[in-house]
Amino acid sequence: LSWLDEVSPVGSEVLRRELQRITAAGLMFERVDGECTYVFGHALVQEAAYQSLVRSRREEIHQRVADMLAMKHPELATKQPLLLAHHYIAAGMTSHAVRYLKDAGQRTLARSAFVEAIEIFHRALSLLPTIASSHERDALEIDLLSSLGLALISTRGYSSSEVEEVYSRARHLCERFGDVPLRVLYGVWAVHLVRADARGVNRVAALFQRVVEKSVERDALLVAHSCLGVRAFYRVNFAEARAHLKIAAELMDLVDPRTQH
């Protein structure tokens, strides 16, 4: 009931009077279990009530609910981002919806529910064409693609054509701005390496070498040295491989390796 009060355009007294009238007609039922809640008597009644609203009115209500949850119940937005994504999609606010879908996908990915994560990321990507082209929109797509790539690697394997397509698209978007994030570079690298594509491996290795020479970020250096060490190993240059992998091992976070990974 407290949530209804927060989103209702009428005052509390009017709201309660109307709720009493609806429950008296048997269309809804009141439940009191700590917090007073209302449920429809049947799913068909709920659907009929929903469909009776004009589209603009439905969108307004969904936006009001989503904004209320985001602003006044941030803990719910964090724990159940799919709920907010649902309301923002129904409100026609796709840019907001995609961000919550991204959060939901990454939370799902973190608990290794890869199939579910793939479905969520695909859903988010399907909404992107409705968002006006911009640097921010492309950055959002890169985030979604790189996360989708990780989920696909875990379910399809590094050599999957779908994995290659995802990371190729991500890299194409990155190159528009002259900078390719490490997570995208690694995905492209992994595809080339598993396919024994020497030319592709060498091309990405040059970028990792640039990271080694210019970056001071511990995690970036760990990835770059690891990949360069693997490349040297497969080229039977064991001295070079040992040098890179020794540095990479020293950069590993042994206290919290999962977070670093």
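The values are calculated or read from the model by the stated rules, or taken from the named source; none is laboratory data. These numbers were taken from a predicted model, which means no experiment stands behind them. Because the Cβ atoms are built from the backbone with ideal geometry, glycine has one as well, and the counts that use them run over all protein chains shown. Each accessible area value is taken on the protein alone, full model and side chains, heavy atoms only, with ligands, DNA and RNA left out. Shrake-Rupley method; radii C 1.70, N 1.55, O 1.52, S 1.80 Å.
Computed from Cα atoms, the angle from the helix 94-110 axis to the main principal axis of the chain rounds to 60 degrees.
Between Glu60 and Val7, what length comes free when the chain is fully extended (0.36 nm per residue of separation minus the Cα-Cα distance, one decimal in nm)? Mind showing how you got there, number by number?
On the way: separation 53, 0.36 × 53 = 19.08 nm, distance 1.04 nm.
So the chain would gain 18.0 nm between Glu60 and Val7.
In a simple Cβ point-charge model (Lys, Arg +1; Asp, Glu -1; nothing else charged), the chain has a dipole of about 700 debye relative to its Cα centre. Here, the stretch 6-158 yields an orientationally averaged convex hull projection of 11.7 nm² when only Cα atoms define the hull.
Annotation: amide H-H contacts under 5 Å for Met28 (H modelled 1.01 Å from N, sequence separation of 5 or more, or interchain): Thr23, Gly41. Which residues among the stretch 211-244 fall inside the zone where the amide N is under 14 Å from a point 7 Å beyond the Cα of Glu250, along Cα→Cβ? Those under the cut-off are 218, 221-222, 225-226, 242-244. Among the lysines, which fall within straight-line cross-link reach of Lys214, defined as a Cα-Cα distance under 24 Å, with same-chain neighbours fewer than 8 residues apart omitted? Once the sequence-local lysines are set aside, what remains near Lys214 is Lys246. Taking 0.36 nm per residue of separation and subtracting the Cα-Cα distance, full extension of the segment from Val39 to Leu82 would add 13.4 nm. Rg and Dmax, both from the Cα atoms of the chain and both in Å, are 24.9, 83. Here the stretch 204-237 and the stretch 77-150 have alpha carbon centers that stand 31 Å from each other.
Cα axis of helix 198-214 to longest principal axis of the chain: angle in degrees, 0 to 90, nearest 10? It works out to around 80 degrees. Where the alpha-carbon atoms of the stretch 1-96 are placed on the principal axes, they occupy 40, 31, 25 Å, in descending order. Based on alpha carbons, the Rg and Dmax found for the stretch 147-194 are 10.0, 31 Å.
I need the calculated FRET efficiency for the pair Val14 and Phe177, taking r as the beta carbon distance and R₀ as 35 Å, to the nearest 0.05. Provide the component values of the computation, followed by the final result.
Values: r = 53 Å, r/R0 = 1.50.
Step by step, r from the Cβ atoms, then E = 0.10.
For the stretch 136-261, the fraction of alpha-carbon pairs lying more than 20 Å apart is 46 percent, rounded to a whole number. How large, in percent, is the carbon and sulfur part of the accessible surface of the chain at a probe radius of 1.4 Å? The nonpolar share, carbon plus sulfur, comes to 55 percent. Relative to the longest principal axis of the Cα atoms of the chain, the long axis of helix 55-72 makes an angle of roughly 70 degrees.
Full extension of the chain segment joining Ile131 with Ala198 gains 20.3 nm, where the gain is 0.36 nm per residue of separation less the Cα-Cα distance. May I ask for the net charge around Arg64, where only other residues with Cβ less than 14 Å from the Cβ of Arg64 are counted and Lys, Arg are +1 while Asp, Glu are -1? Result for the neighbourhood of Arg64: -2. Of all aspartates and glutamates in the structure, the ones whose alpha carbon falls short of 13 Å from that of Lys79, not counting any fewer than 8 places away in one chain, are Asp103.
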